[in-house]
Amino acid sequence: MKDDSRVAEEVTGENADQPGIEIYRQLSRFLLVYKFAVEELMTKLRILSEEFDFVHRHDPIEHIASRVKRPEAILDKLRRKGLPARLEVIAEQLDDVAGVRVICPFVSDVYRVAEMLSGQHDVELLLSKDYIAEPKPNGYRSLHLILRIPVFLSDRVEHVKVEVQLRTIAMDFWATLEHKLFYKYDDQVPADFAAELAGTAAIAAQLDSRMQALHQRLH
Ligand code: 0O2
């Protein structure tokens with residue numbers, strides 16, 4: 001693991017000895033705003049969950065997880081994309097420094113929560129990638145939203161990007177296990193494994209549609 005001064009050096013390209021400490025403070029401050037954005041989104045989601053449950057007697061959110069990408073992971077991603085390690089580049093080019101994952105009981109809940117969240121006045125929807133309508137070739141399904149929300153600081157407002165991944169319990173089960181097994185192998189997954197994996201994704205999708213049908217019959 002890299003120490004803090006090394007991270008500062010990589011981010012700025014400067015020698016990390018003296019000025020590096022100040023620069024590291026800048027990076028910490030920079031990431032702090034993403035932490036606030038995540039907290040703000042989590043609060044929005046908790047409100048939607050509780051209020052929807054109260055009104056409709058159905059909670060569309062099973063659970064929520066979040067993270068702010070670690071400096072090392074940010075630098076790795078910049079390197080992979082061939083981008084310079086600068087704060088403004090991170091803000092402009094990386095969409096997933098702040099990430100929130102929302103697990104819903106049913107597919108209809110995924111779209112309902114996405115709509116309720118992105119329809120809020122202070123939430124800007126920058127991009128929506130619907131891997132449920134069009135799953136990835138390996139079978140991955142989820143709805144990804146890139147949102148931008150205002151974070152009110154002591155002396156200014158910052159507009160911060162957050163990646164929100166919404167998926168059902170079945171999609172999450174599949175994605176979590178696939179991530180453990182194969183995701184980081186990229187193209188090196190052997191063909192027979194890939195076919196088996198796509199088969200398991202189809203089973204998860206069937207499970208979702210059968211559960212959705214039961215849910216509709218009951219409501
Ligand atoms: P990690 O370790 O989860 O953080 P990007 O790479 O973000 O610039 P891309 O590839 O278009 O652009 O983003 P996409 O497709 O929206 O995917 C981003 C994230 O979605 C990934 O983050 C994963 O969390 C998840 N994801 C996408 N495809 C798969 C998949 O096939 N399997 C699993 N398990 N998760 C997937 P990271 O940073 O790649 O990984």
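The values are calculated or read from the model by the stated rules, or taken from the named source; none is laboratory data. Please read all numbers here as calculations on a predicted model, not as lab measurements. Virtual Cβ from ideal backbone geometry, glycine too; neighbours counted across all protein chains shown. Side chains are part of the model used for accessible areas, which takes the heavy atoms of the whole protein and leaves out ligands, DNA and RNA. Shrake-Rupley method; radii C 1.70, N 1.55, O 1.52, S 1.80 Å.
Observations, loosely collected:
- Normalising the average separation of contacting C-alpha pairs (under 8 angstrom, six or more residues apart) by the number of residues puts the relative contact order of the range 84-219 at 27 percent.
- Summarising the amide proton neighbourhood of Ile132: residues at separation of 5 or more, or on other chains, whose placed amide H is nearer than 5 Å comprise Ser142.
- Every Cα-Cα pair in the range 4-168 was counted, and those over 19 Å apart are 60% of them.
- Accessible surface of Ile132 - all protein chains present, 1.4 Å probe, nearest 10 Å²: 30 Å²
- Every helix of 4 or more DSSP H residues in the chain counts as -39500 (n - 2.57), and over all residues that averages to -18000 deg cm²/dmol at 222 nm.
- Fraction of the pair-distance distribution of the range 80-161 above 15 Å, Cα-Cα pairs, percent: 67 percent
- Remark: relative contact order (the range 4-168) = 23 percent; criterion is Cα-Cα distance under 8 angstrom and separation of 6 or more residues.
- Evaluating kT/(6 pi eta Rh) at 37 °C and 0.692 mPa s, with the Kirkwood radius of the range 144-219 over Cα pairs in the Stokes-Einstein relation, gives 210 µm² s⁻¹.
- The listed peptides 164-172, 92-100, ordered by packing as a protection proxy, come out as 164-172, 92-100 (highest mean of other Cβ atoms within 10 Å first).
- For Gln120 and Ala195, a Förster radius of 30 Å and the Cβ-Cβ distance give a FRET efficiency of 0.10, rounded to the nearest 0.05.
- Summed side-chain charge close to Asp122 - residues other than Asp122 whose Cβ falls under 10 Å, Lys, Arg +1, Asp, Glu -1: 0
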